[in-house]
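Input: a single structure, listed below in structure tokens.
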Amino acid sequence: MKFYLQYIAAIEEYALGFNKIEHPLMYSSRAEAMAFCIDYASGEPFEIIDVDDSNWQELFDSGAFDYEPDF
């Protein structure tokens, strides 16, 4: 599982996204976001990818942020 984490300086919060949610979850610290990832993954391997100005367009174009709900 891949999680995408971006710091938003204007509001001093971290946006955490992954393909099972439509809108990012907001956290006041990186540690809080990472704790969510650990809990959500429930022991399964996962990766946190930092999103910034240098890679967001490439990630977007690749479909990394596409919503894929479980049915």
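List of remarks:
- Within region 1-19, restricting attention to residues that are open to solvent by 60 Å² or more (accessible area, probe 1.4 Å) and under 16 Å from Gly63 (Cβ atoms), the residue that is farthest from the chain's Cα centre (by Cα) is Met1.
- The residues of region 22-40 that are surrounded by 13 or more Cβ atoms within 10 Å (Cβ to Cβ) and either modelled with pLDDT under 95 or aromatic (Phe, Trp, Tyr) (or both), listed by number, are Pro24, Tyr27, Phe36, Tyr40.
The values are calculated or read from the model by the stated rules, or taken from the named source; none is laboratory data. Given the structure is predicted, the values throughout are model-derived calculations rather than measurements. Cβ atoms come from the backbone with ideal geometry, glycine included; neighbour counts cover every protein chain shown. These area figures cover heavy atoms from the full protein model, side chains too; ligands, DNA and RNA do not enter into them. Shrake-Rupley method; radii C 1.70, N 1.55, O 1.52, S 1.80 Å.
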